[in-house]
Structures are given as structure tokens and as C-alpha cells.
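Okay, so here's the structure we're looking at.
What follows draws every value from the coordinates through simple rules; no lab data is involved. A quick note: this is a predicted structure, and the numbers were derived from the prediction, not measured. With ideal geometry, Cβ positions are generated from the backbone for all residues, glycine too; neighbour counts draw on all protein chains shown.
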Amino acid sequence: MDSNQNQSLAVSVEMGTSVRRALEIGRRTDGTAVGLPVFVVKGARPGPVLWVQGCLHGDEYAGSRAIHHFVAGLDPDQLSGTVIALPVVNIMAWEHKSRFSPIDHLDLNRVFPGASEGTWTRLLAHDLLEAISQNADFVLDLHGYRSNYFALYFHQQDEAGAVAEQLALDSGAPAVVGVSEKWLEHSLFAVLTRRGIPAILIEAPGEGRNDSEVIDYYLKCLQNIAIKRGMIRGDATRSSPPVRIKNLISIPAPASGFVDLKVNRGDKVNRGQNLARILSAYGDPVAEVRSPKGIALVLNLDTHGVIHKGEPLVMIGEFAD
């Protein structure tokens, strides 16, 4: 990707205007360019540059629809700063309604910072990170897996870490999760924060649907943060103080088979509590999954009904002191 194109995302846009662009990321096998849809809304007043994106995983659509609504509600004449919004980042995966790229079958949010000479997903990660680094003051990454509602930030003892934590708190999410686990070190929000650009991941139930409740939740998170950063006018909203979570634990399936869940997203669980059973094709129990921690909050659940050994089944988070 041409670095001048990255720079021009916001620099060449006149204040008080809104434009649509395509950010070129690599080329298809036939040589045609792959372009990511981009909104650039540059306010009439100076201020920070907010980068917001959806569909880093190609089958998580509700965040993209929230971005459409968020951008549509922005008035450039009243905006302080700039919003750069990408509703669809992993466009190849999105076209195939898949979490992963159909080209190399990699998880984009596990390969940052990527590689300029890598396969498609690593190239996309490299070029996306370059574009963000040259344009953004802070980043909001919207995800909709089999999750509860929460905001995730990378915990580190510096200014970027402190701002990322505050962004998560400002979002209005009912749970705020601070992580430093090694298995997340190649996620976009973690890589950006380590590089000095505060970034958070906003999670919600998704599972390939466009539920209006989830879209409204994302939209409110975006508006809350923009209000708190002084970019738009209004009153930020929050229903109650957030639950603070640390130490995410991803629990894999110990066997393959049908899944008989014993808990729901948002449940509080104790150490040793039965979270799920795995059943054979005959319906016989073959394994149990129990909580290794307590007291903890259930954040993610595999709700597909069938699972393979080693795949993520349940994710829990310990309550912060």
C-alpha cells in the first residue's frame, strides 16, 4: 500500500465535510484492487482523530450496521475532530460470510502486526496497522462473537494503557475487561496500545445476526466515547457502574460431540461449577467442563450445539479486586 494514501485519509479532506473512499489493500488473483470502504468525516472544529471499524471477523455484522448509523448521525459542522470509519475491514471473509479469510483461513485478530510479504491475512494486518498508525489518535474495534456485552482493553502501565482503560469505561459497557494474556498479544487492540495508540475492543452478542438491540448498544458506545472525548455534543449514558474483570480464561472442549450447556452468558460461576457436558453421537456423556476459577463471569459460550476437541467452548473472566 502507498503510504501517501494512508496519510491522505484525513489530511486531504476539507474541514466541515464528509467523504467516502476506498482504502486499497492488496490485489486479487486477477490483479484487480481490493478496496475497503471508508467514511471520513472531518469536523469544522479541530480535535482528535477517532478510528472506528467493524467486521475484523467477517461474520460479525451488527457493528458494521452501527457504524452506518453513527456516521449518518454526524454533522461535520458540529463535529470537533475527525472520524475515520471502516464498516467492513476483513472484506474477503465478509464476502464469504466467514470469520476467517477464505484464502489462507487465518484469524485476522491473531496475526498483528502482520507482514508486508505474508499471505493475504498477514498482508491485510500489516497494511491496516500502517494506515491506523498514520491516522488515528484512538481506535474502537467492534466485535460480535458468541459473547456477552463488554469492553476490552490491554492493561499496561503507561499513558496509552491509561487512556485505553478510560475509553473502555467511557463506552458505557456493563463490563470492562483489562487483559495482558499472551494469547491476545497479536490482537489489534493489544498491538496498537503497546505502540502508543489507545485502542479497545467492544464485544456484544452477534452470531451472524443484525439484532437491533445489539446495533443500538454499539451505537450508544460510540456516541458515549465521542461525547467524552469532546467530539460531539450530548449526554453520555450508562445504566449502572461497570463490572470490572481481569484474567480471561478460555476453556477448550475436552472432547468432540454435542454440547449441553449448563450456564448462560453473564452468569456468575464458582470454582468447580459444571459449565457444560459433551455428549457422544448416541447422547451419552463423554466429558464435563468445570470452572477452573471462582468467582468468575461467563463472557463467551459456543452455542453452535456441536464442537470439536480443542475448540474454545467457554470463556470466563475473574472479577477484579
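Placing a pseudo-label 7 Å from each Cα along the Cα-to-Cβ vector at residue 211 and residue 319 gives an inter-label distance of 2.4 nm.
The C-alpha radius of gyration of the chain, expressed as a fraction of 2.2 N^0.38 Å, stands at 1.01. The modelled label-to-label distance between residue 260 and residue 96, using points 7 Å beyond Cα along the C-beta direction, is 3.6 nm.
Pairs of alpha carbons in the range 72-163 separated by more than 22 Å make up 42% of all such pairs.
Its alpha carbons considered, the range 142-278 gives a radius of gyration followed by a Dmax of 16.3, 52 Å.
Identify which of 63, 305, 196 has the largest mean-square fluctuation in a Gaussian network model of the chain, with springs joining Cα atoms closer than 10 Å. Comparing 63, 305, 196 in a Gaussian network model of the chain, the most mobile one is 305. Go ahead and run the numbers for FRET between residue 228 and residue 287, Cβ-Cβ distance against an R0 of 45 Å, rounding to 0.05. Taking R0 as 45 Å, the efficiency between residue 228 and residue 287 is 0.50. On full extension, the segment bounded by residue 309 and residue 180 gains 43.9 nm, given 0.36 nm per residue less the C-alpha separation. With contacts taken as Cα pairs under 8 Å and at least 6 residues apart, the chain reaches a relative contact order of 15 percent. Across q = 0.11, 0.14, 0.20, 0.23 Å⁻¹, the range 245-319 modelled as identical point scatterers on its alpha-carbon atoms has Debye log10 I(q)/I(0) values of -0.24, -0.38, -0.74, -0.95, in the order of the q list.
Between residue 117 and residue 12, the FRET efficiency estimated from the beta carbon spacing at R0 = 41 angstrom works out to 0.90. Each residue of the range 254-263 was assigned a 3J(HN,Hα) from its phi angle through the Karplus curve 6.51 cos²θ - 1.76 cosθ + 1.60 (θ = phi - 60°); the sequence is x, 7, 9, x, 6, 9, 10, 6, 10, 9 Hz, with glycine and proline shown as x. Phi angles of the range 12-20 translate, via the Karplus equation with coefficients 6.51, -1.76, 1.60 and θ = phi - 60°, into HN-Hα couplings of 8, 8, 6, 4, x, 10, 10, 9, 10 Hz per residue; Gly and Pro are given as x.
Helix 120-135 axis versus longest C-alpha principal axis of the chain: approximately 50°, rounded to the nearest ten.
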